[in-house]
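**Student:** My structure is below; once you've seen it, I'll send some questions.
The values are calculated or read from the model by the stated rules, or taken from the named source; none is laboratory data. Treat the numbers as computed from the prediction; the structure is a model and nothing was measured. All Cβ positions, glycine included, derive from the backbone under ideal geometry; neighbour counts span all protein chains shown. The accessibility values were calculated without ligands, DNA or RNA, using every heavy atom of the protein model including side chains. Shrake-Rupley method; radii C 1.70, N 1.55, O 1.52, S 1.80 Å.
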Amino acid sequence: MKIIKYLFFLIVIIVIGLSLYIATRSGYYNVHREAVIDAPKEVVYEYINDYKKWPEWSPWVEQEPSANISLSDSTAGINSFYHWNDDIIGEGTIKTIHSDKDSILQKIEFTKPRESQGDVYWKLSSKTPSQSIVTWGIKGELSFLEKAIMIYKGGMDNLIGSDLERGLFKIDSLSELAIEQYTINPKGISEYSGGYYLYLTTASKQSGISSKMTEMFLKVKKFAKENNITLSGPPFVLYHEWDDLNKTTIFSTCIPIREKIIPDFQSEVLCGFLDSGRYFKTVLKGNYKNIEEAWSKASQAINTNRLVEDPKRDPMEVYITDPSKVPNPANWITEIYIPVKKTLTLQKTF
């Protein structure tokens, strides 16, 4: 009997000691992970701000894809919410209480297997125009029972840290896929209205077109601003020569204006006039890096439709969207105009 009594007292002492140990430990937790994602932060923001997209990347939905999920009528932004219910991952609700392009704060409440709550937070910043730094974290205060469970399970970081990493990895993959989407649509014959434009002309290696183009457009825009000239349409490029053998080109960067101007004789920027004409129009929606394929498909469509290119006029690209205002390259629109003759004379083959 004495042994049993001693064992009982020993168990009581252990329980009291363990209880004191748990009670004196801080219940505050803040688990977070950071990732560099190869997409603009505005693209990443769409995935985390809109609960409709959460099942695509949620690590917990991945673990239990049959979970019952319900969403608010408005699935994005402040006051939107996401509710889940499942025998394995439990039941709870997450609701957005703050949202902007740089940060999101959400309140999460669990009702099963036990009641608790915490804050979910996101931080977004740009590493480069095409890369973002994303932090995903969960913080809150554990109850006495939850602290005891966390001691057994190795802490909150051990419990959910890998899930946060998995979620960020999937967001990265989805964001990269999103910016790679593109379509090429040969539209057919189009009448381009023409008009006056400011321009700069240069010769360049074909591989250096993009960098030269950016520099030249900036100069044309600066000239227009300094001289209070109103721009009247999207910028475009005229290709005067294209030498595939030597991989060189001569082209002009152009911006439409309302009326003719006469620049100072020392000015690099000049004023030209584009006659209206008949073109075969092709639209690229997506990253400009797909422009070569778009030109190829435009030429194929011209041949398929038995049209003849007009060598006396220059083909051009018109840039409908401004990349500085449309971060996702998948939404950039470039229109290709290849001049074609109005009539086609067929040669008789004997």
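**Student:** In the range 31-73, which residue that is within 27 Å of Pro323 (Cα to Cα) and small (Gly, Ala, Ser) is least open to solvent (accessible area, probe 1.4 Å)?
**Tutor:** Here the residue is Ala39.
**Student:** Does the range 63-88 hold any residues that are in contact (Cβ under 8 Å) with a residue 12 or more places away in the chain and in a loop (DSSP other than H, G, I, E, B), and which are they?
**Tutor:** Glu64, Ser66, Ala67, Ser72, Thr75, Gly77, Ile78, Asn79, Ser80, Ile88
**Student:** For the range 244-256, check the following and say yes or no: at least one residue is among the small types (Gly, Ala, Ser) and out of contact with any Pro (no Cβ under 7 Å at 6 or more places or on another chain).
**Tutor:** Scanning the range 244-256 turns up at least one residue that is among the small types (Gly, Ala, Ser) and out of contact with any Pro (no Cβ under 7 Å at 6 or more places or on another chain).
**Student:** Across the range 214-260, which residue is farthest from Ile320 (Cα to Cα) among those that are open to solvent by 20 Å² or more (accessible area, probe 1.4 Å) and of a type in the set (Gly, Ala, Ser)?
**Tutor:** It comes out as Ser232.
**Student:** Pick from the range 132-154 the residues that are outside any helix (DSSP H, G or I), small (Gly, Ala, Ser) and open to solvent by 20 Å² or more (accessible area, probe 1.4 Å): which of them is modelled with the highest pLDDT? Break it down stepwise before answering.
**Tutor:** Going through the range 132-154, the residues outside any helix (DSSP H, G or I) turn out to be 132-143, 154.
With the extra rule that they be small (Gly, Ala, Ser), the set shrinks to 132, 137, 140, 143, 154.
Still in the list and also open to solvent by 20 Å² or more (accessible area, probe 1.4 Å): 143, 154.
Working: Ser143: 55, Gly154: 52.
Filtering the range 132-154 for residues that are outside any helix (DSSP H, G or I), small (Gly, Ala, Ser) and open to solvent by 20 Å² or more (accessible area, probe 1.4 Å), the one modelled with the highest pLDDT comes out as Ser143.
**Student:** On the basis of being open to solvent by 20 Å² or more (accessible area, probe 1.4 Å) and at pLDDT 95 or above, does Phe265 make the cut?
**Tutor:** No.
**Student:** Only one of these conditions is not met by Asn79: (1) open to solvent by less than 20 Å² (accessible area, probe 1.4 Å); (2) at positive phi. Which number is it?
**Tutor:** Only one criterion is unmet by Asn79, namely (1).
**Student:** Please give the number of the condition Ile209 fails out of (1) more than 28 Å from the chain's Cα centre (by Cα); (2) open to solvent by less than 30 Å² (accessible area, probe 1.4 Å).
**Tutor:** It fails just one condition, (1).
**Student:** Right, something else. Evaluate the range 73-82: report whether one residue or more is within 24 Å of Glu165 (Cβ to Cβ), at pLDDT below 95 and in contact with a helix residue (DSSP H, G or I) (Cβ under 6 Å, 6 or more places away or on another chain). Let's see the steps before the verdict.
**Tutor:** Our first condition is that a residue be within 24 Å of Glu165 (Cβ to Cβ); within the range 73-82, this holds for 82.
Filter again for at pLDDT below 95, leaving 82.
Keeping just the survivors that are in contact with a helix residue (DSSP H, G or I) (Cβ under 6 Å, 6 or more places away or on another chain) gives 82.
Yes, the conditions are met somewhere in the range 73-82.
**Student:** Could you please give the count of residues in the range 174-206 that are open to solvent by less than 80 Å² (accessible area, probe 1.4 Å) and closer than 19 Å to Arg258 by Cα?
**Tutor:** 8
**Student:** Of everything in the range 212-228, what is within 19 Å of Arg258 (Cα to Cα) and either over 31 Å from the mean Cα position of the chain (by Cα) or in contact (Cβ under 8 Å) with a residue 12 or more places away in the chain (or both)? Give them in sequence order.
**Tutor:** Hits for the range 212-228 are Phe217, Lys219, Val220, Lys221, Phe223, Ala224, Glu226, Asn227, Asn228.
**Student:** Within the range 295-311, can one find any residue that is closer than 30 Å to Lys222 by Cβ and open to solvent by less than 10 Å² (accessible area, probe 1.4 Å)?
**Tutor:** If we filter the range 295-311 for residues that are closer than 30 Å to Lys222 by Cβ, which is where we start, we get 295.
If we keep only those that are open to solvent by less than 10 Å² (accessible area, probe 1.4 Å) as well, we get none.
No; the residues of the range 295-311 include none that is closer than 30 Å to Lys222 by Cβ and open to solvent by less than 10 Å² (accessible area, probe 1.4 Å).
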